[in-house]
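These notes are about the structure you will find just below.
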């Protein structure tokens, strides 16, 4: 079928029609620079859903329709009236398929983008009734069904807004997300360092004990333990290298505490039997499932404990954020409101007891 479509597109190109045929799934579409449906944007590349199957008869129909559209564009007489009803009546499942294609044609398909698609976009898109036509009402109902001022509402607005823009539906999601931020979440019960060290000694499986030790010492995401430069670690390098196929790409991370590198025997790399040839999200879930069953706290809390520990050490927030693989804003919003008075007191004392700290001016009295 690709050969027939290519031949038809070759004829359209030689005739300078300015319209091409595309097959997405088992349906045919026309693509061209078309006027905006809403009239608030300049003409741009868009698709016309023809509602025909990708078969020989469909290709023949599509080629004829492409020539008609080409004439209308040349005469500046093209309108969406004929096609909008047909386009909007397409099933939501078809729209999601095309939206996924669009998502991965506008960015490289990597573990990072796969994780974002599955972890953010699909979680919301699966809430849509795939057997119904796409409409503003259906999209809005998904947003309205999420809790106000929640992370889910914020994600729903982001995803539904992107889909409605892709489909050129007049849905304005601004103002619907609410006031959610990490500052509104309840502070986590971050485990004390003594408990973290105690839990390390209770692992009977040496491979999972090594994984736990890496998470505790370096504040890694669970999947990142399986994306490291192991040769360097085995040679005794305490500064580890997280590889590029992780969520935030290549970075270096320093141990906090460095003593744990020796005490936990981290240079003796032992990996558990986890299928690492999967997306980061799936690898991370597999690791978290195992660890959750062996800990009195969540595995991800080890990452939060590392972040807060760096403040007690006086590590600059910019450096801490870089080592964690996120922005300074995210670091500040996520962690600073969880920091206890004790952590602030220790940080204050470490600064004030420095022998080279600035001293107040000498007072001179008459």
Complete set of residues in the range 1-50 that are part of a strand (DSSP E or B) and over 15 Å from residue 80 (Cα atoms)
20, 21, 22, 23, 24, 27, 28
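Table: residues versus (1) at negative phi; (2) in contact with a strand residue (DSSP E or B) (Cβ under 9 Å, 6 or more places away or on another chain); (3) not in a loop (DSSP other than H, G, I, E, B).
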{"residue": "94", "(1), (2), (3)": "yes, yes, yes"}
{"residue": "100", "(1), (2), (3)": "yes, no, yes"}
{"residue": "108", "(1), (2), (3)": "yes, no, no"}
{"residue": "114", "(1), (2), (3)": "yes, no, yes"}
{"residue": "117", "(1), (2), (3)": "yes, no, yes"}
{"residue": "120", "(1), (2), (3)": "yes, no, yes"}
{"residue": "131", "(1), (2), (3)": "yes, yes, no"}
Which one of the conditions (1) at negative phi; (2) in contact with a helix residue (DSSP H, G or I) (Cβ under 8 Å, 6 or more places away or on another chain) does residue 68 fail to meet, given that it meets all the rest?
(2)
For helices (runs of 4 or more DSSP H) lying entirely in the range 271-366, having 1 or more residues that are at pLDDT below 80 picks out 301-313, 328-335, 341-352
Among (1) farther than 11 Å from residue 264 by Cβ; (2) modelled with pLDDT of 95 or more - the single one residue 222 does not satisfy
(2)
Tell me, please, whether a residue that is surrounded by 13 or more Cβ atoms within 10 Å (Cβ to Cβ), within 23 Å of residue 125 (Cα to Cα) and in contact (Cβ under 8 Å) with a residue 12 or more places away in the chain can be found in the range 29-44.
yes
Considering only the range 127-161, state which residues are free of Cβ contacts under 8 Å to residues at least 40 places away in the same chain and buried (at least 18 other Cβ atoms within 10 Å of the Cβ).
128, 139, 142, 143, 146, 153, 155, 156, 157, 159, 160, 161
Can you pull out every residue in the range 51-82 that is under 34 Å from the mean Cα position of the chain (by Cα) and in a loop (DSSP other than H, G, I, E, B)?
54
Within the range 268-309, take every residue that is free of Cβ contacts under 8 Å to residues at least 60 places away in the same chain and touching a helix residue (DSSP H, G or I) at 6+ places or on another chain (Cβ under 6 Å) and give me the one that is nearest to residue 200 (Cα to Cα).
269
Counting only residues in the range 169-185 that are surrounded by 17 or more Cβ atoms within 10 Å (Cβ to Cβ) and within 22 Å of residue 49 (Cα to Cα), the one modelled with the highest pLDDT is identified as 171
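When the residues of the range 313-330 are filtered to those that are buried (at least 19 other Cβ atoms within 10 Å of the Cβ) and out of contact with any strand residue (DSSP E or B) (no Cβ under 7 Å at 6 or more places or on another chain), which remaining residue is nearest to residue 225 (Cα to Cα)?
If we take residues in the range 313-330 being buried (at least 19 other Cβ atoms within 10 Å of the Cβ) and out of contact with any strand residue (DSSP E or B) (no Cβ under 7 Å at 6 or more places or on another chain), then 324 is nearest to residue 225 (Cα to Cα).
The values are calculated or read from the model by the stated rules, or taken from the named source; none is laboratory data. In this text, all values refer to a predicted model and were calculated from it rather than measured experimentally. Cβ coordinates were reconstructed from backbone atoms using ideal geometry, including for glycine residues, and neighbour counts include every protein chain displayed.
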